[in-house]
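> Questions regarding the structure given below will be posed in turn.
Where a number appears in this text, it was derived from the coordinates with a stated rule and is not lab data. Since the model is a prediction, treat every value here as computed from it, not as a measurement. Using ideal geometry, Cβ is built from the backbone for each residue, glycine included, and neighbour counts are taken over all protein chains shown.
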Amino acid sequence: MPRRQAVGWAFLLPLVAYLLLCYVYPLLTNIDLSIRDHTVRSFVHGGAPLIGWDNYAKVFADPAFGPALRNTVVFTVVSLVFQYVIGLALAVFFARGFRLSVTLRALLLVPWLLPLIVSASTWAWMFNSEAGVVNAALTFLGFGTVDWLTSPDWSLVAVTIANIWIGIPFNLVVLYSGLRNIPAELPEASSLDGASRWQAFWYVTFPLLRPISGITLLLGLVYTLKVFDIIWIMTRGGPSGSSTTLATWSYELGFGTMLPRFGPSAAVGNILIVLAVAAGLLYVRLQRHQETA
Amino acid sequence: MKSSPNTRRLTAALVATGLALSACSSRPGGDSGTSGTGTFSVWDPYPQFDGTSEWVKVIRKCGAQAGVDVERQAFDTTDLTNKVLLAAQQGTAPNVLVVDNPVVSTLAEGGVLKSNQDTGLDASGAAPNLVAAGQTGGQTYGVPIGANTLALYYNRAVLSTAGVDPAAIKDWVSLDAALARVTAAGKKGITFSAIGTEEGTFQFLPWFWGAGAQLTDLSSAEAVSALELWKSWLDRKYAPNSVIGNTQTTSWQEFATGEYAFAVNGTWQLGNAKKAGFEYGVIPIPSRTGGVAPAPAGGEFVTVPAQSGKDEEATAARIANCLTSPETVLATDTALTYVSAVASVQQQQVAAQPDFAVWVDAVKSAKGRTGDGLGTRYPRISQPLWTAVQAALTGSKSPKDALQAAAASAK
């Protein structure tokens with residue numbers, strides 16, 4: 001092997017080793033877990049029998065699967081839409097640049113910087129049906145109170161609101177830098193041609209922002225699919241499964257009871273990975289389509 | 001020697017690889033364990049105790065008595081089970097393990113623990129109702145280090161404004177009457193934890209067992225009556241809606257506001273009760289028709305995991321025996337605010353602190369969750385049970401339907 005090539009491989013080695021150890025190995029272990037019938041004894045002493053797709057079949061047949069999948073989709077889609085729209089609105093607002101805009105923008109990043117345990121606990125406390133500030137405000141404004149975290153109709157709404165709040169800064173930052181990369185002459189030229197502000201945004205700025213929007217939404221999708229901490233801290237996926245997503249269900253199966261069910265838990269985790277990969281492939285395909293178009 | 005730029009680059013890359021490898025593969029606690037040398041490892045779920053605490057001194061003393069050095073590691077209690085399972089899989093389980101009692105039968109069934117008969121661990125001094133949680137397949141695994149359980153805390157001022165005498169609360173009817181008077185007086189009735197985790201089941205069990213229901217039959221008429229009691233408290237606003245999401249800690253925080261007449265909570269809150277800033281009292285949880293309801297026994301077992309040799313296991317058992325012996329366990333139980341599992345130590349505890357007597361009584365009538373021969377079946381019963389409690393309290397199912405669904409999925 002030529003010397004140059006050897007050095008090249010040596011440089012690749014850390015990355016390859018990292019990928020193998022910290023990605024490929026856990027992934028394969030997870031697949032292996034999901035196709036075996038694990039008991040606590042076989043987990044410790046080995047020798048769990050191969051059962052193929054049984055764990056997946058069990059997961060799909062579980063009455064909790066339908067609601068968990070539906071919750072995952074609703075939670076993800078609603079979170080993404082609101083995070084993106086609010087993030088974009090704020091990005092456009094700050095892109096105009098005004099006094100204090102830098103300070104305000106920095107303040108809006110706070111949700112991103114807070115440890116999730118802090119923000120989720122704070123939201124849980126604000127949404128408390130007895131002493132929470134949200135219900136106090138609703139009463140003050142003349143509305144009735146809502147059992148945000150303890151009613152099966154509202155728990156998913158409550159965790160979604162908290163998740164939207166946490167996700168806005170990410171959308172704001174990425175979209176803001178995307179807006180800064182659009183040459184100012186283009187919207188300017190369109191307004192000289194008589195476009196209204198809205199038209200300039202909708203027909204010039206927004207289409208130019210499309211690649212950035214795509215990657216923002218894709219990253220957001222992957223993050224949101226696997227959101228676990230916010231939901232677990234606020235509701236534990238309850239009451240009676242009404243805010244359980246695939247991510248919290250996987251955790252609940254594996255670690256939520258005293259008798260771990262590693263097989264089904266790993267199966268649910270793998271289903272989540274497949275969902276995320278499918279979204280990624282869809283994104284790549286759309287992007288290619290865009291480039292050729 | 002002058003090295004070429006390429007060689008230097010290669011070295012840098014190799015160093016980076018080494019770093020990446022060690023970053024990925026280092027496992028906490030991987031080195032200690034069943035090495036068979038003079039250092040024995042003890043794992044416990046008491047991270048609140050640091051190296052200067054009485055508990056750690058006791059561990060060292062017991063190690064010294066057995067002629068070995070002891071290295072102690074503390075974990076969060078929910079984390080400990082997973083850590084132990086992983087460690088056992090890697091053959092690095094600790095020599096002595098202090099673990100939550102309902103987990104013992106699961107670990108025993110998994111072959112992680114050694115039975116007392118094999119190691120010489122002695123549970124004969126501990127109360128049989130507490131030892132029951134560690135019995136499976138005709139063998140006993142470990143010794144309870146002490147126990148906690150649930151009782152009713154009450155706020156003296158709230159009860160006296162409402163004209164309620166706590167001593168008169170002997171059954172569900174008198175408790176209901178007390179709650180009615182308290183809420184009529186404009187105060188809040190009772191707070192508890194009905195969260196969708198093991199904590200929720202733990203809090204429901206005194207009412208479930210107090211009605212005469214059995215964990216082997218979740219949909220019995222007695223079980224339904226217990227769930228109907230809880231549901232009626234929410235319907236009549238005796239209990240806040242927040243109980244559905246309350247952990248025992250958040251439930252306690254509600255009680256600590258001083259607005260509530262009663263709170264279902266455990267021995268471990270006694271320290272906080274003294275700091276609450278109002279006068280409190282404790283009565284046992286009443287059963288449906290009168291008398292003390294059996295509450296679930298909480299608290300840990302000192303166990304001996306399977307090790308490389310009989311000698312190590314025997315030495316580990318000596319340490320475990322020392323940790324649970326009447327002479328040493330008083331200090332530990334006092335630090336944990338646990339009721340001792342040993343009758344003579346219980347007497348010492350009551351002598352030192354007369355208001356502890358109610359807790360000693362509650363522990364005497366407490367039941368192990370994994371007892372009655374349930375063992376590893378318990379987790380499969382507990383989860384449907386808390387799901388049913390949540391479904392009924394939120395109103396998405398009637399208590400009867402919810403428990404029938406639970407009974408079906410517990411099979």
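> Provide, as a two-decimal number, the C-alpha radius of gyration of segment B:266-411 over 2.2 N^0.38 Å, N being how many residues it has.
1.35
> At a 10 Å Cβ-Cβ cut-off, how would you order B:Tyr260, A:Tyr283, B:Tyr378, A:Tyr25, fewest neighbours first?
Details: B:Tyr260 22, A:Tyr283 17, B:Tyr378 25, A:Tyr25 12.
Listed from fewest to most nearby Cβ atoms, that is A:Tyr25, A:Tyr283, B:Tyr260, B:Tyr378.
> With angles folded into 0 to 90 degrees, how steeply does helix B:221-235 sit against the dominant principal axis of chain B? Use alpha carbons for both and round to 10.
Relative to chain B, helix B:221-235 is tipped by roughly 80 degrees.
> Scanning chain A for helices, which whole DSSP H stretches are 27 Å or more long along the axis (Cα) and average 1.0 or more by Kyte-Doolittle?
A:65-95, A:155-180
> Could you give P(r) for chain B, binned at 10 Å from zero, as whole percent values over all Cα-Cα pairs?
With 10 Å bins starting at 0, P(r) equals 5, 21, 28, 22, 14, 6, 3, 2, 1, 0.
> By counting other Cβ atoms within 10 Å of each Cβ, how are B:Asp401, A:Asp193 ranked from fewest to most?
A:Asp193, B:Asp401
> For a protection proxy built on the mean count of beta-carbon atoms within 10 angstrom, sort A:61-73, A:100-112, B:235-247 highest first, please.
B:235-247, A:61-73, A:100-112
> Which whole-number percentage describes the relative contact order of segment A:164-293, with Cα contacts under 8 Å and a sequence gap of 6 or more?
Working: 82 pairs, mean separation 23.5, N = 130.
Relative contact order of segment A:164-293: 18 percent.
> Okay, next question. Roughly how tilted is helix B:399-410, in degrees to the nearest 10 and between 0 and 90, from the longest Cα axis of chain B?
30 degrees
> Taking 7 Å along the Cα-to-C-beta vector as the label spot, tell me the A:Asp37-B:Asp165 distance in nanometres, rounded to one decimal.
Taking the two extended label points, one gets 6.2 nm.
> If one takes the longest principal axis of the Cα atoms in chain B, at what angle in degrees, from 0 to 90 and to the nearest 10, does the Cα axis of helix B:77-89 lie?
40 degrees
> Just round it to a whole percent: the fraction of Cα-Cα distances in segment B:210-290 exceeding 14 Å.
Everything past 14 Å amounts to 70 percent.
> Another question, then. To the nearest 500 deg cm²/dmol, what mean residue ellipticity at 222 nm is calculated for chain B from DSSP H runs of n ≥ 4 alone, each contributing -39,500 (n - 2.57), summed and divided by the residues?
Value at 222 nm, helices only: -14500 deg cm²/dmol.
> Working out 0.36 nm times the residue gap between B:Leu86 and B:Gln65, then minus their Cα-Cα distance, what length gain in nm do you get to one decimal?
Gain on stretching B:Leu86 to B:Gln65: 4.6 nm.
> Here's another thing I want to ask about it. What's the average, rounded to a whole number, of partner chain beta-carbon atoms within 10 Å of each residue's beta-carbon in A:126-137?
For this peptide, the per-residue mean of nearby foreign Cβ atoms is 3.
> Considering every residue in A:144-154, what mean count of other chain Cβ atoms within 10 Å of its Cβ is obtained?
So the per-residue partner count for this stretch is 4.
> On full extension of the chain, what length is gained from A:Val284 through A:Gln5, given 0.36 nm per residue of separation minus the C-alpha to C-alpha distance?
97.4 nm
> Another question, if that's okay. Just from its helices, what would the mean residue ellipticity at 222 nm be for chain A, if runs of 4 or more DSSP H residues each count -39500 (n - 2.57) and the sum is divided by every residue, rounded to the nearest 500 deg cm²/dmol?
On the way: 16 runs with 201 residues, N = 293.
My calculation for chain A gives -21500 deg cm²/dmol from helical runs alone.
> Please give the charge dipole size of chain B, origin at the Cα centre, charges +1 on K and R Cβ atoms and -1 on D and E Cβ atoms. Round to the nearest 20 debye.
860 debye
> Considering only C-alpha atoms, what is the centroid distance from segment A:124-150 to segment B:111-171, in Å?
The distance from the Cα centre of segment A:124-150 to that of segment B:111-171 comes to 38 Å.
> Quickly work out the B:Lys411-to-A:Tyr25 label distance, labels modelled 7 Å from Cα along the C-beta direction, and quote it in nm with one decimal.
4.5 nm
> Tally the DSSP beta bridges in the protein assembly as shown and give the antiparallel ones as a percent, rounded to 5. Walk me through the intermediate numbers first.
Numbers: 24 of 36 bridges.
About 65 percent, rounded to the nearest 5.
> Do me a favour and compute the ellipsoid semi-axes for segment A:65-243 from its Cα gyration tensor, root of five times each eigenvalue, largest one first, whole Å.
Gyration-tensor ellipsoid for segment A:65-243: 35, 19, 15 Å.
> At 1.567 mPa s and 4 °C, plugging the Kirkwood radius over alpha-carbon pairs of segment A:167-252 into Stokes-Einstein gives what diffusion coefficient in µm²/s? Mind showing how you got there, number by number?
On the way: Rh = 15.6 Å.
The estimated diffusion coefficient comes to 83 µm²/s.
> Could you rank the peptides B:388-398, B:297-307 by their average count of other C-beta atoms within 10 Å per residue, with the highest value first?
B:297-307, B:388-398
> For B:Gln353 and B:Lys400, compute 0.36 nm times the residue count separating them, minus their Cα-Cα distance, and round to one decimal in nm.
Stretched fully, the B:Gln353-B:Lys400 segment lengthens by 12.6 nm.
> Hey, got the dipole for segment A:1-145? About the Cα centre, +1 on K and R Cβ, -1 on D and E Cβ, debye to the nearest 20?
680 debye
> Further question on the same structure: What translational diffusion coefficient, in µm²/s and rounded to a whole number, does the Stokes-Einstein relation yield for segment B:233-338 at 4 °C and a viscosity of 1.567 mPa s, taking the hydrodynamic radius as the Kirkwood radius over Cα pairs?
The estimated diffusion coefficient comes to 74 µm²/s.
> What ranking do A:Glu188, A:Glu291 get, fewest neighbouring Cβ atoms within 10 angstrom at the top?
Listed from fewest to most nearby Cβ atoms, that is A:Glu291, A:Glu188.
> Count, for each residue of A:36-48, the Cβ atoms from other chains sitting within 10 Å of its Cβ, then give me the mean as a whole number.
Counting Cβ atoms of other protein chains within 10 Å of each residue's Cβ and averaging gives 4.
> About its Cα centre, how strong a charge dipole does segment B:86-205 have in debye, to the nearest 20, once Lys and Arg get +1 and Asp and Glu get -1 at the Cβ?
It works out to roughly 520 debye.
> Quick one: plug the Kirkwood hydrodynamic radius of the protein assembly as shown (C-alpha pairs) into Stokes-Einstein at 10 °C, 1.306 mPa s, and report D in µm²/s. Present the calculation step by step, with values, prior to reporting the outcome.
On the way: Rh = 28.6 Å.
Reported coefficient: 55 µm²/s.
> For segment A:1-112, rounded, prolate or oblate, judged on the Cα gyration tensor with a ≥ b ≥ c (square roots of eigenvalues), a/c < 1.5 rounded, else prolate if a/b > b/c?
Oblate, since a/c reaches 1.5 and b/c is not below a/b.
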